[in-house]
């Protein structure tokens with residue numbers, strides 16, 4: 001026996017480090033820095049990224065490397081805190097800029113920080129509360145994959161996983177980072193068009209999105225992700241050519257413009273923007289609702305077990321948050337949303353305020369479930385689509401008041417983001433053996449912190465350099481701009497109700513088939529451009545092939561760390577790019 | 001039966017999705033108008049302008065400075081911008097010296113007029129009124145409702161057949177082959193086994209009063225072995241178990257099973273972190289939870 005292996009372990013030690021002040025402070029610090037960077041990148045590029053992987057790496061460095069204290073579980077709390085803080089950035093940067101942009105052209109609109117902050121904090125707490133019973137359902141009963149959660153779990157476990165797995169993780173990270181940097185500096189294309197050289201029309205797209213994160217998510221999902229690919233095939237290789245072939249999109253002959261070279265691109269735009277995407281949103285909603293109905297007995301059992309554990313104060317009670325927290329969180333959020341609605345505009349009546357708070361809470365819970373399911377199955381979040389529906393609902397509930405609709409939309413968007421983020425962190429926590437109660441308490445403790453930071457950064461940028469394509473093309477705020485356009489079209493009464501209702505009926509029907517989450521997966525595939533689905537599908541097929549040829553053990557020891565490395569590599573590269581952009585702009 | 005159910009379901013999904021995606025008539029008309037405006041502007045006006053410019057000035061369009069596209073944010077600013085542009089355009093036309101060649105002069109005027117028309121077209125495109133939600137819904141139901149309804153019917157019938165076949169497969173009463181995972185009976189046996197083995201591990205670590213790194217490595221490897229031999233197969237067989245005992249009973253048993261699994265993982269993490277007391281406590285908790293799961297299943 002060597003000296004190292006014969007070394008004795010102490011039996012008299014301080015309690016195992018988990019929810020510590022160091023984890024909280026380091027996580028909060030990382031979260032605040034990421035929030036600032038992601039608000040900036042969200043205004044510039046129109047998307048943000050999950051912060052859990054980056055936080056886990058930085059947490060290891062700070063807690064273990066610098067403070068010489070961190071345990072695996074403590075680092076899980078650290079990344080939960082960091083991403084809990086940072087999650088607000090996406091919810092706010094997708095929605096609130098719309099209000100700034102509308103205020104630039106309409107003097108009747110002014111942007112007040114307080115209602116937005118109140119609404120976002122309310123949404124944030126509700127997002128975490130809703131997750132309490134859903135954790136059992138999605139992580140313990142349904143065993144959803146949560147590829148990013150698995151990636152973080154793999155990273156957290158790497159100190160004890162052995163040299164081979166560490167090497168595989170490093171290979172994945174290096175490969176993804178290299179390719180992503182080459183794409184960012186335009187030395188490699190973002191997409192590879194295979195269909196064009198083969199002579200396929202644009203209505204039958206065969207384009208692969210160059211993203212190792214999507215590939216990694218597919219590799220981790222395996223056969224469970226195949227319905228998502230089928231959904232993409234249905235939308236883009238079946239409906240799309242049928243719609244074009246049957247003239248459901250006006251043909252060149254119908255337009256009497258035989259020489260119009262831009263017709264094909266325009267047709268695809270109509271097909272995606274007016275037909276498939278809104279239908280996909282409807283399918284997502286119907287599919288999620290069917291999922292709630294189908295899993296109702298299990299959900300009921302989950303809530304019952306939480307209540308029993310709380311009453312008994314036994315083992316379950318110490319690991320899970322009580323169902324009382326769920327009820328208190330929901331009631332508290334209804335109250336906060338009510339006050340946010342009332343302070344958002346003097347035109348809102350008490351009845352409207354109550355309606356907004358109740359409907360907003362219900363929608364947030366359902367949309368949180370949808371986003372958590374979608375990320376659990378594919379790692380792709382339909383956050384913007386769900387927020388869009390949320391803003392639409394709030395617009396009608398507030399009697400067409402754009403300010404109230406956006407302010408409450410902020411709450412919904414932040415809350416939905418919290419649901420998906422918390423669930424991914426809980427999955428990572430499940431893999432390393434963290435106590436869900438402590439993770440949820442950590443998220444409750446800091447869920448509010450990112451909100452004033454993100455709102456503050458937005459106000460600072462608006463008052464210093466401005467944003468929006470007309471004011472500062474460098475910070476075009478694409479999501480906020482799109483939302484402002486939607487608000488305007490809603491004002492003109494142009495919601496695609498037929499697509500939403502038709503889609504919801506399809507989603508409900510898909511929920512009857514004995515494949516869990518089918519509606520959500522197919523809806524998500526219709527909602528997304530096919531290139532993303534295709535890359536993910538390549539990952540799924542690769543995983544199925546490798547499982548058959550190499551066996552389950554090889555998958556666990558080699559493929560999982562490589563795929564996790566893909567996700568981590570791309571996330572880290574994105575964060576560094578955001579930091580560089582932010583520093584350059586400053 | 002399995003293929004029949006899946007086939008009907010697939011046909012239904014295809015029909016529903018296709019008819020669901022079909023544009024309602026008012027929306028189709030609106031898009032047609034938009035396409036006509038776009039194609040007119042892009043093909044006719046642009047080529048007219050390019051030919052005229054080439055003829056008038058001997059330059060191609062790329063060398064000529066074209067004013068930026070008008071704003072499309074809201075109708076008020078759009079109109080103001082457009083009015084200013086047209087005034088600017090009229091001033092420009094007025095300031096032009098008449099060309100000695102009347103034909104060339106006419107061509108110059110024609111491209112300027114074309115540009116003026118193009119700006120007006122762009123405004124029309126930007127502010128085309130979309131049909132309202134109720135009108136769209138009513139029209140879509142009229143045009144696509146039958147195909148969509150037929151698709152929905154196939155979805156429901158196909159799904160019900162598939163559910164029946166799946167249930168028969170999972171409970172082992174069907175004639176068609178199953179998914180290849182372990183049976184529900186074996187799940188019970190495996191849960192009993194894993195509860196006993198984790199209980200054994202918990203006893204071993206508790207009794208070890210002078211643990212070493214080697215002991216920790218050994219326990220860690222046993223946990224990794226259990227993950228592959230028992231935890232994963234039980235998780236893979238969860239749908240079979242659900243089908244046999246029902247969702248509520250499944251949830252009652254799988255809750256403690258998952259708590260046990262999580263505590264085993266916690267013990268693994270504690271061993272990596274060389275925290276023996278936590279590993280002892282976590283394995284004890286895991287054993288208790290797994291015994292509870294075993295009881296629920298039996």
Within the range B:125-144, tally of residues that are buried (at least 17 other Cβ atoms within 10 Å of the Cβ) and at the interface with another protein chain (Cβ under 7 Å from one of its Cβ atoms): 5
From B:231, B:254, residue being in contact with a helix residue (DSSP H, G or I) (Cβ under 9 Å, 6 or more places away or on another chain) and over 23 Å from residue A:553 (Cα atoms): B:254
Residue match in the range A:164-185 (condition: within 14 Å of chain B (Cβ to nearest Cβ) and buried (at least 20 other Cβ atoms within 10 Å of the Cβ)): yes
Qualifying residue in the range B:171-183 (condition: at pLDDT below 95, buried (at least 18 other Cβ atoms within 10 Å of the Cβ) and part of a helix (DSSP H, G or I)): no
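Every residue, every condition in (1) assigned to a loop (DSSP other than H, G, I, E, B); (2) free of Cβ contacts under 8 Å to residues at least 24 places away in the same chain; (3) crowded, with 24+ Cβ neighbours inside 10 Å, yes or no:
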residue	(1), (2), (3)
A:342	no, yes, no
A:346	yes, yes, no
A:355	no, no, no
A:359	no, no, no
A:374	no, no, yes
A:380	yes, no, no
A:392	no, no, no
A:395	no, no, no
Residue in the range A:225-244 that is modelled with pLDDT of 90 or more, part of a loop (DSSP other than H, G, I, E, B) and on the phi < 0 side of the Ramachandran plot present: no
Qualifying residue in the range A:34-44 (condition: closer than 21 Å to residue A:442 by Cα, free of Cβ contacts under 8 Å to residues at least 40 places away in the same chain and surrounded by 18 or more Cβ atoms within 10 Å (Cβ to Cβ)): no
Which listed residue is surrounded by 24 or more Cβ atoms within 10 Å (Cβ to Cβ) and either more than 26 Å from residue A:100 (Cα to Cα) or at pLDDT 85 or above (or both), from A:314, A:286, A:329: A:286
Where residue A:209 falls short, out of the listed (1) under 19 Å from residue A:528 (Cβ atoms); (2) free of Cβ contacts under 8 Å to residues at least 12 places away in the same chain: (2)
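Okay, residues lined up against (1) at pLDDT 80 or above; (2) closer than 30 Å to residue A:291 by Cα:
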position: A:469; (1), (2): no, no
position: A:472; (1), (2): no, no
position: A:477; (1), (2): yes, no
position: A:490; (1), (2): no, yes
position: A:493; (1), (2): no, no
position: A:503; (1), (2): yes, yes
position: A:506; (1), (2): yes, yes
position: A:509; (1), (2): yes, yes
1 or more residues within 14 Å of another protein chain (Cβ to nearest Cβ) and surrounded by 24 or more Cβ atoms within 10 Å (Cβ to Cβ): qualifying helices (runs of 4 or more DSSP H) within the range A:413-524: A:436-446, A:478-491, A:497-510
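The values are calculated or read from the model by the stated rules, or taken from the named source; none is laboratory data. As the structure is a prediction and not an experimental result, all values here were calculated from the model. Positions of Cβ are generated from backbone atoms using ideal geometry, with glycine treated the same way; all protein chains shown enter the neighbour counts.
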